[in-house]
1. Could you sort the peptides 252-263, 116-127 by per-residue average Cβ neighbour count (10 Å cutoff), highest mean leading?
2. Of 345, 323, which has the most accessible area and how do the rest follow, probe 1.4 Å?
3. Please give the per residue accessible area of segment 360-429, computed with a probe of 1.4 Å over protein heavy atoms only, in Å².
4. Please enumerate, by chain and number, the aspartates and glutamates with C-alpha under 12 Å from the C-alpha of residue 410, excluding those fewer than 8 residues away in the same chain.
5. Please compute, over every Cα-Cα pair in segment 121-191, the percentage with a separation greater than 16 angstrom.
6. What length, rounded to one decimal in nm, is gained on full extension from residue 177 through to residue 368, with 0.36 nm per residue of separation minus their alpha-carbon distance?
7. Once segment 162-264 is represented by equal point scatterers at the alpha-carbon sites, with solvent omitted, what log10 I(q)/I(0) does the Debye formula produce at q = 0.12, 0.17, 0.19, 0.22 Å⁻¹?
8. What FRET efficiency, computed as 1/(1 + (r/R0)^6) with R0 = 25 Å and r the Cβ-Cβ distance, is obtained for residue 384 and residue 415, rounded to the nearest 0.05?
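The values are calculated or read from the model by the stated rules, or taken from the named source; none is laboratory data. Treat the numbers as computed from the prediction; the structure is a model and nothing was measured. Quick reminder, even Gly has a Cβ in these numbers, built from the backbone with ideal geometry, and neighbours come from all protein chains shown. Surface accessibility is based on the protein's heavy atoms, side chains included, excluding ligands, DNA and RNA. Shrake-Rupley method; radii C 1.70, N 1.55, O 1.52, S 1.80 Å.
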Amino acid sequence: MRQPTRSPAAPRPYRAQSRTGSRGGPRGVRGAGLVLGLLATATAGLTACGDDSSTSSGSSSSAVAPRSSAATTPGTPTGTTASASPTASHATAAPPATKPASATPASCVDRAAAGMSQAQRVGQLFMSAVSTSGMTGAQSAAITGGRVGSVFLMGHSTAGTAAIKRVTDQVRKLAPSVKGATVRMLISTDQEGGQVQVLGGPGFSTIPTAVQQGRLSAGTLQKDAKTWGQQLKAAGVTMNLAPVADTVPPSLVNVNAPIGKLQREYGTSPSTVATHSTAFLRGMLQAGVIPTAKHFPGLGRVTGNTDFSAGVTDSTTTRTDPYLEPFRSAIKAGTPFVMVSSAIYSRIDPGTQAAFSSAVMRDLLRNSLGFKGAIISDDLGAAAAVSDHTPAQRAVDFLKAGGNVVLTVKPSDIAPMTAAVLSRMPQDAALRSAVTDSLRRVLTAKHNAGLLTC
């Protein structure tokens, strides 16, 4: 987890606001189309991106052009109303999405990939930081130099929606020019609530902690999360690195540094966390904002914070652990992204951080839990947990182990990270295959969110 940014000392009382948050332009057809794009892929059993064994040629011009596939990443719940049980089957199904202005997902993903340079393809797999107070020259240079496809808004702000919209407008101008397709930037932030709410001020509700959210009914929480998502969208934010799907047992609440001490957990039982984290996730999807279930396979049973401590280890969680239920629920609800933690899970893959573990990402998350979307890292820049790897090693090892989007809060890491991937690809078939797979998953998620059109 990245270091939380604290809310103002005297925040406004929590009140879910009713504004729809459409940013500039008509609220009707375009907004509905983007939401339906996320809602269209909710049904269980969708196969978006193929398996992890995709192959590619060794040439630099075609090594990562995705093969044709169904190219539909899970994107939403099967209904629009949360129930007490996240697996309840009586919810109303979302109508089929119609996207008359765009090609079908598979063909558009293929077209976009084919129109990219190798550097642009690799750049789509990276997320760099931009300050909420305004993009600096160094931050802009990292994005353009690395052909970066996603950004993370960093640093607590009370400036409000209009100010953040000016920053995101700047970021959007840095999206790559791709022949035959329009590929927009993913713009993300941490908008969980409580101490981990990056964006505040006029236009943003003061979001309660996850502990407080866990006391609401699932239906109320889903409705509130939709409002919070609409506020993000009004500010030009298209992705929320939330909800937290970690369960902290009662005995560890006061000593669990990354989650419990910051009141980031929805409850102390997997069932409560599953119900409420999924309600939050569904609300974001309804608002047309991409949610991210984190931090797989869970940070609730550790004491150290991976941001500040190396060797943080969970010696309890297993491959069949009941504490995986919130992540399983998020996958069933159609989460497009899952964030993997940087802790070590000694009963799953001893001695290897989850972010570099094929056993965690491919065997457990993909094969056992059936996740078809994109896997994003926690911070691989400043985090102490990955300090035993160079920036170049972090990027290569994460992608080869099955990860898809490298997040770093240090823009200076982008150049060595992307250079390492590009230089290794010609002689490393496994890395070429991993880049192919990752590009397809990322572009599919963008297409489903209306951020990729052909």
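1. 116-127, 252-263
2. Working: 345 0, 323 40 Å².
Solvent-accessible surface, decreasing: 323, 345.
3. Spelled out: the 1.4 Å probe surface of segment 360-429, per residue, equals 30 Å².
4. The reachable aspartates and glutamates, counting only those whose Cα sits under 12 Å from residue 410, are 379.
5. Numbers: 1061 of 2485 pairs.
More than 16 Å apart: 43 percent of the Cα pairs in segment 121-191.
6. Between residue 177 and residue 368, full extension yields an extra 65.0 nm.
7. For segment 162-264, the Cα-only Debye profile gives -0.50, -0.84, -0.96, -1.15.
8. That pair, residue 384 with residue 415, gives E of 0.70.
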